[in-house]
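**Q** Sharing a structure below in structure tokens format, with a few things to ask.
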Ligand code: FES
């Protein structure tokens, strides 16, 4: 008969029996100084990626009737956080928020944004009338619409309409001042041939721009494309360019004429909000109108920031192709994006 020898058993047992005494010894021998309240790496992360900024309007330029460029700078002590050309900042006014693409280059010492006075959102109307010296609160730079050299080809064709042009202007400027390095061709669509940002684009060296008035010029054979513009423009492009990277500017927060009204109940921690929502406004609009403390960034179903649980009721979700970031598990367990959802019955939601 062979003997079975388990060599480690005794050591294991000793190790286990000495576990508590060894821990007490290690604790007694360790430094008794209290743990730091702040860690340097966290402070640096907050400085590089602040969730909120206070900026001052340093300049306003009317580039055409109803379109104004605002230059925004931080106070002298604050460093403007770096951004990727194509990203946006979210600007909040009372309880309404709207993302604006940054039009300046990442190499610049200011954020420039274009404000359209006839945009229906509350924030644009407020911004359009701001004077030099006015202060505004914004988010840090955010969004996923930017060039990545490891992922994207060295030659990009980008399509825009008037509203989507600022994001591409920032990309063009970043190439011109050598912050980024790739080749960019811009196809600028405007059915009225006004091309509001044509002069700005034409003054940026080393970027080719083509001005078209017809969707038929949007060709599917341009390789990987970037598309930046209003929802209807992006929808038209995505038919021809299903793999394009999309930046939806000023996404619709209202649809159709019918306005059935439903009761909406929202729970948020220990608070409950009960209000009426209309069938033709996004739930997020109804939240903002009723000062529900909802989170939102892109308002286009992309960032997932507004995600909440549909506890009871029916909604219609409207997403343009490829821009729904809800995960399969979210769908299974009834999570929705209020920025893309419309009420179809009385609702109960949990934020
Ligand atoms: S705000 Fe981004 S997904 Fe709704």
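Only the coordinates and a few stated rules stand behind these numbers; no lab work does. Here the structure is a predicted model, which is why all the values come from computation and not from measurement. Here the Cβ is made from the backbone with ideal geometry for all residues, glycine too, and neighbour counts use every protein chain on show.
**Q** Arrange the following residues from fewest to most other Cβ atoms within 10 Å of their Cβ: 173, 297, 224, 271.
**A** On the way: 173 25, 297 19, 224 14, 271 10.
Lowest to highest Cβ neighbour count: 271, 224, 297, 173.
**Q** Could you tell me whether the chain comes out rounded, prolate or oblate from its Cα gyration tensor? Rule is a ≥ b ≥ c as square roots of the eigenvalues, rounded for a/c under 1.5, then prolate if a/b exceeds b/c, otherwise oblate.
**A** Prolate.
**Q** Most fluctuating residue of 331, 37, 120 in a GNM of the chain with Cα springs under 10 Å: which is it?
**A** Fluctuation is largest for 37.
**Q** By how many degrees, 0 to 90 and rounded to 10, does the Cα axis of helix 8-17 deviate from the longest principal axis of the chain?
**A** Helix 8-17 sits roughly 80 degrees off the main axis of the chain.
**Q** Moving to a separate point now. Roughly how many nanometres apart are two label points built 7 Å out from the Cα toward the Cβ at residue 258 and residue 206?
**A** Roughly 5.4 nm, to one decimal.
**Q** Same structure again: I need 294, 181 ordered by Cβ neighbour count within 10 Å, fewest first. Each step should come with its number before you reach the end.
**A** Working: 294 23, 181 10.
Taking fewest neighbouring Cβ atoms as first place, the list is 181, 294.
**Q** With everything on Cα atoms, drop me the angle between helix 231-240 and the longest principal axis of the chain, reported from 0 to 90° to the nearest 10.
**A** For 231-240 against the chain, the angle is about 80 degrees.
**Q** Give me the percent of DSSP beta bridges within the chain that run antiparallel, rounded to the nearest 5. Present the calculation step by step, with values, prior to reporting the outcome.
**A** Values: 43 of 66 bridges.
Here the antiparallel bridges make up roughly 65 percent for the chain.
**Q** What residue among 141, 251, 242 has the largest mean-square fluctuation in a Gaussian network model of the chain, using Cα springs under 10 Å?
**A** So, out of 141, 251, 242, the one fluctuating most is 242.
**Q** Could you work out [θ]222 nm for the chain from helices alone, using -39500 (n - 2.57) per DSSP H run of at least four and dividing by all its residues? Round to the nearest 500 deg cm²/dmol. Please list the in-between numbers first.
**A** Details: 9 runs with 76 residues, N = 351.
For the chain, the value works out to -6000 deg cm²/dmol.
**Q** May I ask you to sort 303, 234, 277, 160 by Cβ crowding, counting other Cβ atoms within 10 Å and putting the fewest first? Write out the running numbers ahead of the final one.
**A** Details: 303 20, 234 27, 277 24, 160 30.
Final ranking by Cβ density, sparse to dense: 303, 277, 234, 160.
**Q** So, one more: Figure the gain on full extension for residue 154 and residue 193 (residue separation times 0.36 nm, minus the Cα-Cα span) and round it to one decimal in nm.
**A** Working: separation 39, 0.36 × 39 = 14.04 nm, distance 2.94 nm.
That works out to 11.1 nm of additional length.
**Q** Just to confirm the number: angle between the C-alpha axis of helix 19-29 and the first principal axis of the chain, 0 to 90 degrees, nearest 10?
**A** 70 degrees
**Q** Compute the distance in nm between two label points, each set 7 Å from the Cα along the Cα-to-Cβ direction, one at residue 51 and one at residue 215.
**A** 4.0 nm
**Q** Using a Gaussian network model of the chain whose springs link C-alpha atoms within less than 10 Å, name the residue from 96, 159, 268 with the highest mean-square fluctuation.
**A** 268
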